[in-house]
Each structure stands twice: as C-alpha cells, then as structure tokens.
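Structure record follows, encoded as structure tokens.
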Amino acid sequence: MSTEEQMTFDQEPEPSSFRLIATLGVAGFLSGLVLVSSYLWTKPTIDANKAEEQRHAIFRVLPGTADFETFTLQDGQLQTATGPAEDRVFLGRDTNAGFTGFAITGEEPGFSDIVTVIVGYHPADQAIIGYQVLDCKETPGLGDKIIRNEGFLANFSHLVVDPEIALVKNGTKKQPNEVDGITGATISSRTVVNLLNNAMTKWKGPIDAYLQAHPELEKTTGHE
C-alpha cells in the first residue's frame with residue numbers, strides 16, 4: 001500500500017455511535033417484522049391443526065362417540081359454548097345420540113414444559129375411561145413415556161377418581177383409584193396424576209350438577 005493510500009485509509013472517519021445503533025435498530029425491527037409476519041401467517045393453520053387433533057382425541061378417549069357438544073364453565077355451571085373459550089369440556093354422543101361421557105382437558109407443568117392431556121370421564125362410574133397426551137416436551141426416553149408406555153397407559157382404561165387419584169410405585173397398584181408410576185419418570189407420572197386430580201376438582205361438580213338437571217342423559221348412556 002502506498003503512503004498516499006495509507007494516509008487516505010487512516011483519515012477515513014469511523015462510523016458514529018448513532019449510525020451503528022440506528023443500523024442495529026433497523027436490522028432488529030426487520031427481523032422482528034419477519035418473525036411476527038411468519039407467526040400471523042402460520043397461526044391459523046396451527047390452530048386448525050390443533051383443533052382437528054383435539055377432535056380426533058375426543059373420539060379416542062370416549063369409545064363409541066360419533067359426535068359431541070362443547071360446553072364452557074360460567075359461574076360454576078356448564079353452559080353451551082357459543083364462541084372461543086379457554087375452559088371447555090365436551091359431551092360425547094354415539095350414533096344413536098346416546099350419552100358416552102365427557103372429554104376433559106387439563107394441563108400441568110412437567111419436568112421440562114407444560115403437559116396437556118385429554119381424558120374421557122364417565123360420571124356413572126366416576127371413572128376415567130380414556131387418556132391421550134395432546135402436548136408433551138418431556139425428556140425423550142424418560143418423561144415422554146407418559147405417551148407410549150403400555151403399562152402406564154393401562155392405568156386409564158378404568159381409573160376411579162373418587163377418592164382422588166393416587167400415584168404408587170410401579171407394580172404396586174391395588175386400588176382402582178391408583179396409578180402405577182413409570183420407573184425413572186416419577187416427575188412426569190406425578191404431573192399426570194396432579195393434572196387429573198386438578199381437572200376433576202374443577203369439572204366434576206359442574207358435570208354432576210348438569211347431569212342432575214338432565215337425567216335423560218344417563219338413561220341414554222352408550223357406555224358398557
């Protein structure tokens with residue numbers, strides 16, 4: 001480099017702090033705009049997929065269900081849902097309009113993130129008759145066994161909810177309200193049990209009150 005070129009290089013002013021901050025600000029704004037736009041663009045599709053997944057889950061946790069009605073909780077009572085709502089429960093019916101039970105969702109903090117579960121509940125038996133995890137980010141190979149471990153899933157074919165559900169050591173279940181935990185995944189097992197107890201505390205009373213006001217439902221039960 002010649003002396004003249006060196007002098008020219010040395011004399012070039014450094015960018016001002018304001019210019020650097022402005023550049024970073026514009027870059028951050030554009031990045032945020034792209035992220036927000038992507039979120040808004042994909043959110044309807046994501047919500048639609050979640051709704052469809054939930055719909056199929058309702059049919060799985062309430063055997064024999066062909067259709068369902070959606071209710072929300074208002075002033076401690078079940079009311080027919082007329083729009084979007086966070087707290088919802090689903091009344092299932094079979095092909096002959098017979099009552100198959102209620103599908104109830106619940107969520108609880110797990111070891112890694114929030115665990116979301118939907119269960120089928122039959123009031124006459126006061127028992128959970130179906131179970132499916134809707135969302136789980138628990139540790140692969142350990143906590144995520146609440147999704148696929150056959151022994152754990154077997155707890156929910158007929159799990160009595162009164163007295164409240166109790167978690168016991170794997171292989172020691174003796175009572176119909178007990179859940180055999182998963183060895184090595186105690187936290188995730190307990191998360192599911194806490195979730196179910198909290199969900200039943202919230203929904204069992206309103207469901208019982210609704211059925212008392214609609215005794216014809218129990219007469220049309222499709223549950224075996």
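What follows draws every value from the coordinates through simple rules; no lab data is involved. The structure presented is a predicted model; accordingly, all values stated were derived computationally and were not measured. Glycine also receives a Cβ, built like all others from the backbone with ideal geometry; neighbour counts cover every protein chain displayed.
Some points to look at:
- Cα-projected label distance for ASP125 with ARG55, points at 7 Å along beta-carbon direction, nm: 2.7 nm
- Amide H contacts under 5 Å for GLN74, placed H, 5+ residues apart: GLN79
- Using a Förster distance of 25 Å, the FRET efficiency for SER112-GLU164 (Cβ separation, nearest 0.05): 0.50
- THR70-LEU30 FRET efficiency (beta carbon distance; Förster radius 45 Å; 0.05 resolution): 0.65
- With contacts taken as Cα pairs under 8 Å at a separation of at least 6 residues, region 62-219 carries a relative contact order of 18 percent.
- When the inverse distances between all different Cα atoms of region 54-197 are averaged and flipped, the Kirkwood radius reads 15.6 angstrom.
- Computed FRET value (nearest 0.05) for ASP208 with LEU153, which takes r as the C-beta separation and R₀ as 35 Å: 0.85
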